[in-house]
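Working notes for the structure below.
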Amino acid sequence: MAESIRNIQFVCPKHAPVPNPELGKKPREFFVGKFCKLTFKVRSGRKTLYEHMWVRRTDLAGGSKVKLIGELNNHPIIPEIAARWRIGDTRVFTPKDIIEVLNDLDNN
């Protein structure tokens, strides 16, 4: 379920989505199989760029009480990220990193 092209847009840092503190309080098990929107930061020269992408939570990070493992579910659009990351790549994150959660990207 790749991200809908209708939901891809540039957002200035002042208006960019931020992690939801309520989601940071949820137990790791709450996120099993769900899609989590995260922010990824990359340096490009003197600029810091941010890309918001969906990650499907697939596992718990072993030996950690807070870390989650997920797979990227959409193509990055920032060239510095797109050159290295693909749909299905694994990312590690915590509930405190999550902006939004959906059960299904098509039907919410």
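The values are calculated or read from the model by the stated rules, or taken from the named source; none is laboratory data. Values in this document were obtained by computation on a predicted structure and should not be read as measured data. Methodologically, a virtual Cβ is constructed for each residue, glycine included, from the backbone with ideal geometry; neighbour enumeration extends over all protein chains shown.
Give the stretch 27-51 a look and list any residue that's surrounded by 14 or more Cβ atoms within 10 Å (Cβ to Cβ) and under 13 Å from F93 (Cβ atoms), or say none. Across the stretch 27-51, the qualifying residues are R28, F31, K34, F35, C36, K37, L38, T39, F40.
Evaluate the stretch 53-70: report whether one residue or more is within 25 Å of K14 (Cβ to Cβ), of a type outside the set (A, V, I, L, M, F, W, C) and either free of Cβ contacts under 8 Å to residues at least 40 places away in the same chain or buried (at least 16 other Cβ atoms within 10 Å of the Cβ) (or both). No, the stretch 53-70 contains no residue that is within 25 Å of K14 (Cβ to Cβ), of a type outside the set (A, V, I, L, M, F, W, C) and either free of Cβ contacts under 8 Å to residues at least 40 places away in the same chain or buried (at least 16 other Cβ atoms within 10 Å of the Cβ) (or both). Please tell me if R43 is at pLDDT 85 or above and of a type in the set (K, R). Considered against the rule, which asks whether it is at pLDDT 85 or above and of a type in the set (K, R), R43 comes out as no.
Could you list, in sequence order, the residues of the stretch 55-98 that are assigned to a loop (DSSP other than H, G, I, E, B), of a type in the set (A, V, I, L, M, F, W, C) and within 16 Å of T39 (Cβ to Cβ)? Give the steps one after another, and end with the answer.
So the first thing to find is which residues in the stretch 55-98 are assigned to a loop (DSSP other than H, G, I, E, B), and the list is 61-67, 73-78, 83-89, 94, 98.
If we keep only those that are of a type in the set (A, V, I, L, M, F, W, C) as well, we get 61, 66, 77-78, 83, 85, 87, 98.
If the condition is that a residue be assigned to a loop (DSSP other than H, G, I, E, B), of a type in the set (A, V, I, L, M, F, W, C) and within 16 Å of T39 (Cβ to Cβ), then I77, I78, W85, I98 are the ones that fit.
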